[in-house]
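One structure is given below, encoded as structure tokens.
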Amino acid sequence: MPSISEYLTELNRQRIQLAKNLTSMGVPANVTEKLNTLVPKILQIKQSGNSTVKEDVLLDTNSFTSKQETVSAYGESVYIYESTSAETLQKLSDVIEKWGGVSNSNNFVGDVSAKYGIAVSNWSETSSDTGILFASPLKLNTGKLLITINASLSSWMNQQLHLNLIKSDGTVSDLSTKVADGDFAYTFDLVFAGSTSLKDQIINCGNITAGTYYLYISGTEKADNSNFSYNKVEYLNY
């Protein structure tokens, strides 16, 4: 059985190792600090600027109180791709204007029951599909990626979504070309069922190589009298 002295020696070795591990994760720590100082610093790992854990919110309309609020917040940073249109990415604000403005019923913004999310299926051209691209880059580290989507959809709907990560320089021309060509670095499929409306759906994307990516979600079929509105999209990279 180890002696008290041996226990203390091992405890001191682990204290020093903890300090080194914290430093490697981007949290300032010193090998001379005591355990009661080092242990609380574990909670700082997620917030540290050099941490390997990254998270961000690409879309969140849940607290909005009007359609115009959605347009003001995301009209310039969210792009829409209509397969029956010019087959190019268009700013959400431009698409809304094209279809009659924010007050028009077919305006790509859901109503209060859809939490004023970005609507992509309330049309009659059922042979077409609509894609949505978030212009905020995902600057990912090599590691695992989780994407969470919350959407409002009609109870009778099932949507087969394709979550695509695009490696791009971020210009609209490059993104448009890669969307049209299907030039995606990664693609992950998700069946969104009506029973999951307004519930978080977490997609485990597995291992991702470090790089700057853009999230483009395709496969949303347009359907008469149906609703599919994105309310929140966020990711966690660790």
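Where Lys and Arg each count +1 and Asp and Glu each count -1, what net charge lies around Ile166 among other residues with Cβ under 14 Å from its Cβ? Walk me through the intermediate numbers first.
Working: positive: Lys139, Lys167, Lys178; negative: Asp169, Asp174, Asp181, Asp183.
Neighbourhood net charge equals -1.
Counting only protein heavy atoms, what percent of the accessible surface of segment 1-41 is carbon or sulfur at a 1.4 Å probe?
Numbers: 1900 of 3030 Å².
C and S atoms contribute 63 percent here.
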remark   = Going residue by residue through segment 73-78, the Karplus relation 6.51 cos²θ - 1.76 cosθ + 1.60 with θ = phi - 60° gives ³J(HN,Hα) values, rounded to whole Hz and with x marking Gly or Pro, of 7, 10, x, 9, 10, 10
ask   = Can you work out the FRET efficiency for the pair Leu35 and Leu236, with r the C-beta to C-beta distance and R0 = 45 Å, to the nearest 0.05?
value = 0.95
inquiry  = Need the full-extension length gain, Glu76 to Thr177, defined as separation in residues times 0.36 nm minus the C-alpha distance. One decimal, nm.
reply    = 34.5 nm
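Using only helices, what value at 222 nm comes out for the chain when you add -39,500 (n - 2.57) per DSSP H run of length 4 or more and divide by the total residues, to the nearest 500 deg cm²/dmol? Each step should come with its number before you reach the end.
On the way: 5 runs with 50 residues, N = 238.
Counting only the DSSP helices, I get -6000 deg cm²/dmol.
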query = In whole Hz, what ³J(HN,Hα) sequence does segment 9-17 give by Karplus (6.51, -1.76, 1.60; θ = phi - 60°), x for Gly and Pro?
reply = 5, 5, 4, 5, 5, 5, 4, 5, 5
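State, to one decimal in nm², a quarter of the convex hull surface area for the C-alpha atoms of the chain, i.e. the direction-averaged projected area.
Values: hull surface 66.8 nm².
Convex hull of Cα atoms, orientation-averaged projection: 16.7 nm².
Expressed as a rounded percentage, what relative contact order does the chain have, with Cα pairs under 8 Å and six or more residues apart?
Here the relative contact order equals 26 percent.
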request  = Collect residues whose amide H, placed 1.01 Å from N in the peptide plane, falls under 5 Å from the amide H of Val109; neighbours closer than 5 in sequence don't count.
outcome  = Ala119
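Under the definition of Cα pairs under 8 Å and six or more residues apart, what whole-number percent is the relative contact order of segment 123-238?
On the way: 260 pairs, mean separation 62.0, N = 116.
Answer for segment 123-238 is 53 percent.
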inquiry  = Using amide H atoms built in the peptide plane, which far-off residues or other-chain residues are under 5 Å from Leu198 H to H?
reply    = Ala151, Ser152, Leu153
key: Estimated FRET transfer efficiency when R0 is 45 angstrom, pair Lys199-Asn21 (beta carbons, to 0.05)   = 0.80
request  = Could you run the Karplus curve 6.51 cos²θ - 1.76 cosθ + 1.60 with θ = phi - 60° over segment 208-215 and give me ³J(HN,Hα) per residue in whole Hz, x for Gly and Pro?
outcome  = 10, 7, 4, x, 9, 10, 10, 8
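Gain in length, Leu43 to Ser136, computed as 0.36 nm per residue apart minus the alpha-carbon separation, to one decimal in nm?
Values: separation 93, 0.36 × 93 = 33.48 nm, distance 2.69 nm.
Result for the pair: 30.8 nm of gain on full extension.
Calculate how large, on average over all directions, the projected area of the Cα convex hull of segment 110-196 is; give the answer in nm² to one decimal.
Numbers: hull surface 28.5 nm².
Computing the convex hull of the Cα atoms and averaging its projections yields 7.1 nm².
Can you tell me the FRET efficiency between Asp189 and Thr65 if r is taken as the Cβ-Cβ distance and R0 is 45 Å, rounded to the nearest 0.05?
Working: r = 34 Å, r/R0 = 0.76.
Given R0 = 45 Å and the Cβ-Cβ separation, E is 0.85.
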inquiry  = Please check: in the Gaussian network model of the chain (C-alpha springs, under 10 Å), which one of Val120, Val53, Val27 has the largest mean-square fluctuation.
reply    = Val27
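The values are calculated or read from the model by the stated rules, or taken from the named source; none is laboratory data. As the structure is a prediction and not an experimental result, all values here were calculated from the model. Reconstructed Cβ throughout: ideal geometry from the backbone, glycine too, with neighbour counts over all protein chains shown. These area figures cover heavy atoms from the full protein model, side chains too; ligands, DNA and RNA do not enter into them. Shrake-Rupley method; radii C 1.70, N 1.55, O 1.52, S 1.80 Å.
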